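Right, one structure below, let's go through it.
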Amino acid sequence: MEDQIDFRRMPVIHPYRQILDKAYSEASDASKTVSAENKLLEIRIKELKRVETAVEIICNYLNNIVEKTPHVNLMPQYYTEIVSLAIDKEQFKKSLGAVRWAAEKSKELSTTYKKKLKGAQARDLGRIRSEYYGRQSSVLHQIRRDFIFLEACRARLKNLPKFKEMKTVVIAGFPNVGKSSLLKTLTGAEPNIQPYPFTTKHVRVGYIEKYVQLVDTPGLLDRSLDKRNDIELQAVLALRHLSDMILFVFDASETCGYKMTEQVSLYKEMKKSFEVPFIVCFNKCDLISGKDLEKYTKKMGTNIYQVSALKNNGFDKLREFLLVDALPSKKKFYQ
Ligand SMILES: Nc1nc2c(ncn2[C@@H]2O[C@H](COP(=O)(O)OP(=O)(O)O)[C@@H](O)[C@H]2O)c(=O)[nH]1
Ligand SMILES: [Mg+2]
């Protein structure tokens, strides 16, 4: 499955003329190695060798593109959505189909022309082979735009984020509530940084004991959805299929600059948009009195994990909860 979403495997796609030049020049070299007692027979074998060499190089090139390009239909849904943000997915499928077509067509042509070469008069051999070159060139010429399009896609898609197939918890909450600090404290390591289409910032990924993947999404789940343009909204909503759970972080000390009332309305809005379980966590508990904490906790009417990312307090229970249904014995749940 992981290979299915790795566009870094996709080969660089060159201008079609470059492939033709390479194929015909190697075909010419290969024909020079041929010799036969009978001069007429030698010419025929040389021309056949040219056709065989050229088609082999061209078909290998085309088939390699088809084989190494991840298939959009076989990807997990969140990934398909992310891919759709970066490129025109339907055109991508069509262009890949065109490459497949060209491989088949090239094979067909070579079979036809090999037959012709075998049955032709000696004086016609050169003309037949050059007619073959013309038709083979025209096949690649027909898909030249697909080559250009696929290469542009490859350049974009190789930079998509790579997530692992495991329980995934996406962190949400206003800026400065401590999401990044919390990710670091929970996972005990520097997160790995992944690009994300249509954001200038990168998502950060950390792991709890190889079983839970935590994703911090700067600029994505940190403000109201109705303040977003269409493309941003799509970028945010692609996270719906990535997340098994959302960890919503509050800063009850309000030192982040957002009032608890604002934070609660963002939380409610996200709950409506994401149909996955939410876990709520109050961060910066080192900055707030027990009395205030109790007041807010009562208001929320849900189970709350009180933590301090700065002081590394309160994380054992949260970590335990995140792990409980992700351990290998329970893994089926997420497949
Ligand atoms: N006092 C205190 N400060 C914290 C805590 N967690 C984060 N901070 C501070 O809050 C600020 C914003 O934290 P950051 O993790 O960047 O927030 P993000 O924007 O939600 O990712 C930083 O200055 C952190 O040092 C905490 O538990 N207690
Ligand atoms: Mg951050």
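Brief remarks on what is shown
- DSSP-loop GluC sites (Glu not before Pro) across the stretch 21-57, with at most 11 other Cβ within 10 angstrom: Glu37
- Calculated FRET efficiency, Ser138 to Thr80, Cβ-Cβ distance, R0 = 41 Å: about 0.75 to the nearest 0.05.
- With θ taken as phi - 60° and the Karplus curve 6.51 cos²θ - 1.76 cosθ + 1.60 applied, the whole-hertz 3J(HN,Hα) list for the stretch 102-118 is 4, 5, 5, 4, 5, 4, 4, 4, 5, 4, 4, 6, 5, 4, 4, 4, 5 Hz, x standing for glycine and proline.
- Unsatisfied cross-links (Cα-Cα over 29 Å) in the set Lys89/Lys227; Lys32/Lys94; Lys107/Lys162; Lys179/Lys227: Lys32/Lys94; Lys107/Lys162
- Dipole size of the chain about its Cα centre, with +1 on Lys/Arg Cβ and -1 on Asp/Glu Cβ: approximately 900 debye, rounded to the nearest 20.
- If only the Cβ of Lys and Arg carry +1 and only the Cβ of Asp and Glu carry -1, the dipole of the stretch 167-334 around its Cα centre is close to 240 debye.
- Relative contact order of the chain, pairs being alpha-carbon contacts under 8 Å that are 6 or more residues apart, as %: 16 percent
- Shown in residue order for the stretch 6-17 are the 3J(HN,Hα) couplings computed by the Karplus curve 6.51 cos²θ - 1.76 cosθ + 1.60 at θ = phi - 60°: 9, 6, 6, 6, 5, x, 4, 10, 8, x, 4, 4 Hz (x for Gly and Pro).
- The HN-Hα couplings worked out from phi for the stretch 142-147 by the Karplus form 6.51 cos²θ - 1.76 cosθ + 1.60 (θ = phi - 60°) are 5, 9, 4, 5, 5, 4 Hz, whole numbers, x standing for Gly and Pro.
- Dipole axis of the chain (+1 Lys, Arg; -1 Asp, Glu on Cβ), positive-most option in Pro15, Ser106, Gln77: Ser106
- Dividing the summed -39500 (n - 2.57) terms of all DSSP H runs of n ≥ 4 by the residue count of the chain sets its mean residue ellipticity at 222 nm at -17000 deg cm²/dmol.
- The local environment of Gly314, defined by Cβ-Cβ distances under 12 Å, has a net charge of +1 under the rule Lys, Arg +1 and Asp, Glu -1.
- Residue order by solvent-accessible surface for Ser224, Ser181 is Ser181, Ser224, largest first, with ligands and nucleic acids left out and a 1.4 Å probe.
- Heavy atoms of Thr261 accessible to a 1.4 Å probe, total area in Å² rounded to 10: 100 Å²
- Extension gain, Asp226-Glu26: 0.36 nm per intervening residue step, less the Cα-Cα distance, totals 66.1 nm.
The values are calculated or read from the model by the stated rules, or taken from the named source; none is laboratory data. Given the structure is predicted, the values throughout are model-derived calculations rather than measurements. All Cβ positions, glycine included, derive from the backbone under ideal geometry; neighbour counts span all protein chains shown. Remember, those area values only see protein heavy atoms, side chains included, never the ligands or the DNA or RNA. Shrake-Rupley method; radii C 1.70, N 1.55, O 1.52, S 1.80 Å.
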